[in-house]
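Asker: Have a look at this one before I ask anything.
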Amino acid sequence: MLRFAVYDDRGLADRWPLHHAYLVGTDDLPIRGDVQFTGGVIEGRKRGSDAAGLALLYDAGRMGTMVLQTCLLPDRTEPYLLSLELARHRIKWFIAKSEEWQMFDLSLNHPAMQQWEEARRLFTKAWTALDPIKADEMARQSLVHAIDATERLAMAHADILLHRRFANRAASSSTLGVRIWPERDAQPLRDLVEREFDVVGIPLTWRRLEQEEGNYRWDNTDRWMTWAKANKKPIVAGPLVDFSRSAVPDWAYVWQHDYDTCRDLTYDHVERIVQRYAPSVGMWNLASGLNTNENFEFTTEQALDLVRMSSLIVKQTRRGARTMIDITQPFGEHGGHRKGSMNPLTFLDRLIQEGIHVDAIGVRLLFGGSRPGQATRDLMQVSSLLDRFFPYEKPIIVSALGAPSVTVSEEG
C-alpha cells in the first residue's frame, strides 16, 4: 500500500477530493488499483509488490489545477508527504527531458533554468523542515516553480524544432484543420472554414446517421461533403467505428452483449458509408476509442477485428485509400480503473503485430471536462505524450484539440 499525507492550514486535511486519481507503474503507465482518502491520508492499494506512484488532479496554485504524479515509490508504513513527492517528480522530470531533448546547454539565465533552480532550493527547505505544515507549504511552492520550469523547457524545445523544420520551407497546405458538426450550416460558418482552415474533418456519427434502424439521414453530411469537395478542402471522415455513448444509436443497445451481431451491423453500416463517400474522402478515420472498453465492452481480439474489418472495407472500395486510427484518451488513465481496457501504446503495438496498416495516428487532446480522459494537463505532459508516438514512424495528427473555459455539454 502507498500512503500520502495531505495538509491544509490547520494540519492533516479533513477532506480531499480524489478526482481522476489512479496508480501508475513502470513507464508511467496506469495500473489497476484502488485509491481512497481516510483521515488526512490518501491510500493507494495496488496489486503486486512492485513500486508504484500516484496520479491525481491537484491544485498547483498559480499554475492551475491539473493531473500531477509522484515518482515510483516503495511501500512503507510512514506516509509520504504528497506535495513533496509531486515536486520531486517534476524536478526529476526536468532533468530527464533535458537529457532526452539534448537541452543541457541552456544558459543559467534561461527562465526554465532559473525556475528549476528555485524549485530545487525550495524542495531542499521542504525536505529538511521539521514542521509538517511548513514542509507542505515549501513543497507546494517548489512544485509551482518546477511545473513552470518544465513548461518553459517544453516551449523552448518546441521553438527549436519549429525553427529547424520551417527554416527553409513553409508549412504544409494541410497543416490546420477543423472538425465540422454536420447539423450546423450557415454561410458565415462556411466563409470562416474556407478562409481559415486547410482540412475539414467530418464526423460520421452512427447515432445521428441512423437514428432508426435501417433509416439513414444523409442530407446534412452530404451537404458538407459536397461543399468541401467543391472548395478543394481535403476531407478526414470518421471515425467509422465508434461505440462510445454519444455515437451508438439507442436501438443498437439490444445487441450490446452479442459481438457477432454487433460486428454484422457495424459491417453493413461502414460499407454504406464508405461506398457513398469514397470519391470525396482523402483519409478515413477507421476507429476511435475501442481500447478504452467503455460503453460497449469488447475483448482485445474483438476490438482489433473491428479495426481490421473497417480497414478491409475501405481498401476494397478504393485502392490506395489512406487511413488513420484515433486515440481518444491518450494518457491512458482508464487503465487504472476499467477492467479490460488497454493502454493506447499497447493497442497500437497489437495493431502492428496483427498486420493492420494505418497511414497516420490521430491523438485527441481534450481537456477541462469531467468526462473520462479529459483532466487538465500542462504543456510538458502533452509534449512528453506526443514523444511516445514517434517510434511508430507514422505522421501524428492532433485529431481534436480543446480546452474550454466552460463545459457546455457532456455529450459534445
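The values are calculated or read from the model by the stated rules, or taken from the named source; none is laboratory data. The structure displayed is predicted, hence computed values, not measured ones. As a convention, Cβ positions derive from the backbone with ideal geometry for all residues, glycine included, and neighbour counts pool all protein chains shown. The area values use the complete protein model at the heavy-atom level, side chains included, leaving out ligands, DNA and RNA. Shrake-Rupley method; radii C 1.70, N 1.55, O 1.52, S 1.80 Å.
Asker: Take the eigenvalues of the Cα gyration tensor for region 115-219, scale each by 5, and report the square roots as semi-axes in whole Å, largest first. Mind showing how you got there, number by number?
Answerer: Values: eigenvalues 491, 127, 24 Å².
Largest first, region 115-219 gives 50, 25, 11 Å.
Asker: Straight-line reach from Lys125: which lysines fall under 19 Å, measuring Cα to Cα and dropping same-chain residues less than 8 apart?
Answerer: The qualifying lysines are Lys92, Lys134.
Asker: With the contact rule set at Cα under 8 Å and sequence spacing of 6 or more, what percent relative contact order holds for the chain?
Answerer: Numbers: 703 pairs, mean separation 51.1, N = 412.
Value for the chain: 12 percent.
Asker: Reachable lysines from Lys394, Cα under 27 Å, same-chain residues fewer than 8 places away excluded?
Answerer: Output for Lys394: Lys97, Lys229, Lys232, Lys233, Lys315.
Asker: Go through (i) 21.1, 64; (ii) 23.5, 71; (iii) 22.4, 72 and flag the label whose value is the computed Rg and Dmax of the Cα atoms in Å for this structure.
Answerer: Derived directly from the coordinates: (ii).
Asker: While we're here: For the chain, the longest stretch holding no trypsin sites (Lys or Arg not before Pro) located in a DSSP loop with at most 10 other Cβ atoms within 10 Å is which?
Answerer: Numbers: sites that count: Arg10, Arg15, Arg76, Arg169, Arg184, Lys232, Arg319, Lys339.
Result, exposed sites excluded: 77-168.
Asker: Something else now. So, in Å, what gap is there between the alpha-carbon centers of region 284-321 and region 1-77?
Answerer: Measuring centre to centre over Cα atoms gives 35 Å.
Asker: Among Leu345, Leu385, Leu161, which one moves the most in a GNM of the chain with springs linking Cα atoms closer than 10 Å?
Answerer: Looking only at Leu345, Leu385, Leu161, the biggest GNM fluctuation is shown by Leu161.
Asker: OK, next. Between His163, His269, His19, where does the largest GNM mean-square fluctuation fall for the chain, given springs only between Cα atoms within less than 10 Å?
Answerer: Of His163, His269, His19, the most mobile in the Gaussian network model is His163.
Asker: I need the GluC sites (Glu not before Pro) found in region 1-104, filtered to DSSP loop residues with at most 15 other beta carbons within 10 Å of theirs. Please list the in-between numbers first.
Answerer: Details: sites: Glu43, Glu85, Glu99, Glu100; in loops: none.
Filter output for region 1-104: empty list.
Asker: Let me ask you something else. So, with a 1.4 angstrom probe, what is the percent of accessible area on region 236-319 that is carbon and sulfur?
Answerer: Solvent-exposed carbon and sulfur of region 236-319 make up 45 percent of the total.
Asker: On a straight-distance basis, which lysines could pair with Lys339 in a cross-link, Cα separation under 21 angstrom, same-chain partners fewer than 8 positions away excluded?
Answerer: Reachable lysines: Lys46.
Asker: Another one. Between Gln102 and Glu213, what is the FRET efficiency for a Förster distance of 51 Å, r being their Cβ-Cβ separation, to the nearest 0.05?
Answerer: Details: r = 57 Å, r/R0 = 1.11.
It comes to 0.35.
Asker: What do you get for the angle between helix 344-353 and the principal long axis of the chain? Use alpha-carbon atoms, 0 to 90 degrees, nearest ten.
Answerer: Rounded to the nearest ten degrees, it is 50.
Asker: Give or take rounding to whole Å, what are the principal axis extents of the alpha carbon atoms in region 63-135, in descending order?
Answerer: Here the spans come out as 41, 23, 23 Å, largest first.
Asker: Could I ask something else about it? Cα gyration tensor of region 337-400, axes a ≥ b ≥ c as square roots of the eigenvalues: rounded (a/c below 1.5), prolate (a/b > b/c) or oblate?
Answerer: Details: a/c = 2.12, a/b = 1.36, b/c = 1.56.
Since a/c reaches 1.5 but b/c is at least a/b, the shape of region 337-400 is classed as oblate.
Asker: GNM, the chain, Cα, under 10 Å: largest mean-square fluctuation among Pro188, Pro395, Pro330?
Answerer: Pro188
Asker: Let me ask something additional. In whole Å, how far is the Cα centre of region 119-169 from that of region 205-268?
Answerer: 45
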